[in-house]
Amino acid sequence: MDRLTNLIDGERRTPRSGDWIDVHEPATGKTYAQAPNSSAEDVNDAASAAMRAFPAWSKAHPDERSRLMLRLAELIDANLEPLAQAESRDTGKPISLARRVDIPRAAANFRFFATAILHGDSEFHRTDDRTLNYTLRQPRGVAGLIAPWNLPLYLFSWKLAPALATGNTCVGKPSEVTPLTAHLLADLVIEAGFPPGVLNIVHGAGATTGAAIVEHPDIPTISFTGGTSTGQAIARVAGPMFKRISLELGGKNPNVIFADADFDLAVKSAVRAAFTNQGQICLCGSRILVEQSIYDQFIDAFIARTKALCIGDPMDDSTEFGALVSADHRDKIEAAVNRARDEGADVRLGGNRLEAPNDRCRDGYFYEPTVLTNLPMSCATRQEEIFGPVVTISSFADETQAIADANGTPYGLASMIFTSDLDRAHRVAAQIQTGIVWINCWMVRDLRTPFGGMKQSGVGREGGQDALKFFTEPKNVCIQTHDE
Ligand code: NAD
């Protein structure tokens, strides 16, 4: 069985404790590798290497940092197929999605921040004839970067790229559930020629490796993407240590469909937003709100389109809907649907484990795309994140109710509005409490825009200038000239 390794100080290393975690292929349920369960000692080795590498890396000319990052992006592109195969095997996502989205986006993340640092300018304020101020933005040191399992390389690189570009060195931890592409990335980091210690990758469980990163006194910056309760645990530790933290957390995103919307576009987009990656994207539209006059028609069309999804072995080119990431997660989804039944839901589609699409997948973690209706706004099913292929559909009477329902959960990550009335689109967008509002589209991403959520969906923003600012310390330099 393959044993994955950490990347520490430019070298492949096994965990000091000799402790390993089994890695499963969700489509088959089989263990196919083991990843290190790194201890605080391993994290300390990585943090020490990152601290030693920091002075040279932070002072390197941006051209040099950019050159290495662009080389890494090229290597990711050149290894698209093995990386996509690894991502699909590790997560259960359709191979076509990994090829089209996950891996190209990882390369794009490195390319975007590698070139952003070549075109930056700095802030300058003339106070009066004798006084001027400018702002230095300096790297903060070692950045601790903790990523989830749903878009493994895509979200890991979304943190690594701005941290490295701005001159920080890194200790990164992928999810223990999906460590494979981060393991492969380490080879490419070495091949690209990054100096030892600049980019360290430690594998392991959240409670051991993740906690050791958050607690480490020499890691002043923590960027985390994952569940809201994990974010709370991290904030409890990092807050009193005065660390800078960015928390990208869960969502319960409303998809608001007005009667004047382009109906086919709304249905097509709602199905994509509901079930891409088996509903395991923080941005998925899991709460569909439909104007009363088109409610029944919408449900019929939504169900018909969902039934047409090609469900299958994630490794088949034609598969559009694959396996859930783990047995535990499948059990969680199953429990959430059973709770919805107890709450009085009508299960209009799905609601069961799926039959295996082929013999290879007979022990895989498959669950049907599931559509629930007839649930009140206050019930747990419509309030709590499920993070799987389960949507609720409900109706609203008018714009006021649509906005109230859209805002009626503790989350505030993303929302969608489908309407052909531009005035309404702007009006509703301004009132919805989410960090991202997509109008007549879903998951269209421009890497320059602020990315993140309000309320319990997180603290801070990633992307563009926000990321460059997060990973740097602003320093005001004030100069005054004197006559004599
Ligand atoms: P998770 O919180 O269980 O784990 C995320 C990462 O944190 C993993 O690497 C894990 O090992 C680590 N971790 C766990 N406990 C830790 C601790 N005490 N200290 C430090 N690290 C710890 O989340 P998950 O199950 O991997 O991912 C699913 C969640 O992520 C969902 O809630 C989803 O909405 C959210 N998510 C949010 C975004 C976003 O951008 N807002 C993007 C993707 C996923």
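General remarks:
- In the chain, helices alone account for a calculated mean residue ellipticity at 222 nm of -11500 deg cm²/dmol, with every DSSP H run of four or more residues adding -39,500 (n - 2.57).
- Figure legend: label point modelled 7 angstrom from the Cα of GLN431 along Cα→Cβ; residues of region 453-469 with amide N under 20 Å from it are 454-455.
- Checking the cross-link pairs LYS159/LYS307; LYS93/LYS268; LYS93/LYS307; LYS30/LYS307; LYS243/LYS475 against a 25 Å limit on the alpha carbon distance flags LYS159/LYS307; LYS30/LYS307 as lying beyond it.
- Label-point gap, in nm, between GLN297 and GLU41 - each point 7 angstrom along Cα→Cβ: 6.8 nm
- Using the Cβ of SER88 as centre and a radius below 15 Å, the other residues enclosed give a net charge of -2, where K and R count +1 and D and E count -1.
- Each of LYS30 and GLU11 was given a label point 7 Å from its Cα along the Cα-to-Cβ line. The distance between the two points is 3.4 nm.
- Cβ-Cβ FRET estimate between LEU118 and THR481, R0 fixed at 51 Å, reported to 0.05: 0.95
- Applying 0.36 nm per residue to the separation of ASN352 and VAL444 and subtracting their alpha-carbon distance, the gain on full extension is 30.0 nm.
- Carbon-plus-sulfur accessible fraction, region 176-328 (probe radius 1.4 Å, protein heavy atoms only): 55%.
- Rounded Å value of the spacing that divides the Cα centres of region 280-347 and region 357-435: 11 Å
- Zone residues, region 280-295, relative to ASP260, backbone N less than 18 Å from point 7 Å out along Cα-to-Cβ: 290-295
- As a calculated quantity, the FRET efficiency between GLN465 and ASP398 at R0 = 45 Å, using C-beta atoms, amounts to about 0.75.
- Carbon plus sulfur fraction of accessible area for region 347-484, probe 1.4 Å, in percent: 48 percent
- Per residue accessible area in Å² of region 197-288, where ligands, DNA and RNA are left out and the probe is 1.4 Å: 28 Å²
- Gyration tensor (alpha-carbon) shape descriptor, the chain, a/c threshold 1.5: oblate
- Calculated FRET value between ASP77 and ARG130, using beta carbons and R₀ = 51 Å, to 0.05: 0.45
The values are calculated or read from the model by the stated rules, or taken from the named source; none is laboratory data. Because the structure is a prediction, the values reported are computed rather than measured. Positions of Cβ are generated from backbone atoms using ideal geometry, with glycine treated the same way; all protein chains shown enter the neighbour counts. Keep in mind that these areas ignore ligands, DNA and RNA; they rest on the heavy atoms of the full protein, side chains included. Shrake-Rupley method; radii C 1.70, N 1.55, O 1.52, S 1.80 Å.
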